[in-house]
Every structure is written in structure tokens, then in C-alpha cells.
Amino acid sequence: MAEILILVGTESGNAAMVADCLKDELAPLGHEVRVLEDGREAAERLTGTGIVLICTSTHGSGELPDNIIPLHEALSGARPDLSGLRYGVIALGDQTYRDTFCNAGRTLDALFAELGAQRVGERLEIDACTQPLPDEEALAWAKDWVTLL
Ligand SMILES: Cc1cc2nc3c(=O)[nH]c(=O)nc-3n(C[C@H](O)[C@H](O)[C@H](O)COP(=O)(O)O)c2cc1C
């Protein structure tokens, strides 16, 4: 059983809803799940955390949601060694934004990898255009993902 910190990036609540759903469904399976939307606190908590699940949408033209920008800024600035960290990525986006589809999830994925963290499994990219139920797709993915931890 794993201790999982879900870091949420959201503007209008979809990614937060997905994270809350994962918490509700993974906890009864014996996992200890914490959901964090505060990007500043997230940056502080990464040290000493073993498993992170990034769950973020993309906004603007490929930009990170405002609440998770402080995490990106803190990591890009301090460049801590994250080699003790394993992580997964759930990226919410919309294929209508062809050039920047799921760019925030991809950006954080690349940054965590650059800092030495080890990604577990493939990144999940959820397209709002074709998937009206992101929580269901995320949950199916997460049930497999936790078996890889
Ligand atoms: C103003 C705006 C800009 C967006 N820009 C992008 C984008 O560049 N790339 C992308 O993949 N999705 C983009 N999206 C789609 C959102 O990522 C998608 O709707 C997501 O489900 C929103 O999740 P949230 O409620 O957690 O913020 C955009 C949505 C809006 C409303």
C-alpha cells in the first residue's frame, strides 16, 4: 500500500474533481492519499515525499493553472534533487488546442524528470473533447498505476 500525494493544477475544478475522486476510490484499497492544491505548500512538501501524482489541466495557450505555477517556479529556481521521488502524471486538456494539448502536464513531467524523479507508468492525457467523464478514465488508469508502485 502506498502513500500518495496528489498535486492538483486546476482553473475551473475538473482536475480537482478528478483528484478527489481518486482519493475516495484509492483510500478504501488501503492507500493513503492526500490532495494538495496549494502550489507553494506542494513545493515545500516534496522533500521527504516518496510518491507524487501530478493531476493538472492546461490553460491559456499551453500554460499551467495559476495555483500550480508556484510549484513550477520553486522547482525551476531551486532545482532540488528529486531522485528519491517516483511520480505519475494525469494531464487534462482539449485536443482543440492542437499545439498545446496537455502542455502543463507535459511541462511538469519534463521538469520532474530533469530533477531526477522517476516516472512510473505512461502519462495519462485526457481529452475534454472526447471524454466527458475524466474521473472515470483517470480512475481506470490509476488502478493500474498503483500496481506499478
Ligand atoms: C481558456 C482556456 C484555455 C485552454 N487552453 C488549453 C490548452 O492550451 N491546451 C489544452 O490541452 N487544453 C486547454 N484547455 C482545456 C482545459 O485544460 C480542459 O477544459 C480541462 O478539463 C480544464 O480543467 P480544470 O477545470 O481543472 O482547469 C483550455 C481551456 C480553457 C477554458
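The values are calculated or read from the model by the stated rules, or taken from the named source; none is laboratory data. The structure displayed is predicted, hence computed values, not measured ones. Here the Cβ positions follow ideal geometry from the backbone for every residue, glycine too, while neighbour counts run over all protein chains shown.
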The correct count of residues that are over 10 Å from the mean Cα position of the chain (by Cα) and either away from the ligand (no atom under 11 Å from the Cβ) or part of a strand (DSSP E or B) (or both) in segment 4-19 is 1
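When you look at Gly48, is it small (Gly, Ala, Ser) and at pLDDT below 95, yes or no? First the steps, then the outcome.
Working: small (Gly, Ala, Ser): yes; at pLDDT below 95: yes.
The answer is yes for Gly48.
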Just one of the numbered conditions (1) within 16 Å of the ligand (Cβ to nearest atom); (2) touching a helix residue (DSSP H, G or I) at 6+ places or on another chain (Cβ under 8 Å) is not true of Lys23; which one? (2)
Residue check, Asp109 against (1) among the acidic types (Asp, Glu); (2) assigned to a strand (DSSP E or B); (3) surrounded by 20 or more Cβ atoms within 10 Å (Cβ to Cβ), all met but one. Which one? (2)
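Any residue at all in segment 80-103 that's basic (Lys, Arg), over 19 Å from Leu5 (Cα atoms) and either more than 9 Å from the ligand (Cβ to nearest atom) or buried (at least 18 other Cβ atoms within 10 Å of the Cβ) (or both)?
No, the conditions are met nowhere in segment 80-103.
Quick grid of which residues meet (1) in contact with a helix residue (DSSP H, G or I) (Cβ under 6 Å, 6 or more places away or on another chain); (2) under 27 Å from Glu32 (Cα atoms); (3) hydroxyl-bearing (Ser, Thr, Tyr):
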residue	(1), (2), (3)
Thr47	no, yes, yes
Gly62	yes, no, no
Arg79	no, no, no
Thr96	no, no, yes
Ala104	no, yes, no
Leu108	no, yes, no
Gln118	no, yes, no
Leu124	yes, yes, no
Just to be sure I understand the filter: pairs with C-beta atoms under 7 Å, separated by 6 or more residues or on different chains, first member in segment 122-149 and outside any helix (DSSP H, G or I), second member loosely packed, with under 12 Cβ neighbours inside 10 Å. Which pairs pass? Cys129/Thr96
Which condition number in (1) more than 15 Å from the ligand (Cβ to nearest atom); (2) modelled with pLDDT under 95 is the one that Leu148 fails? (2)
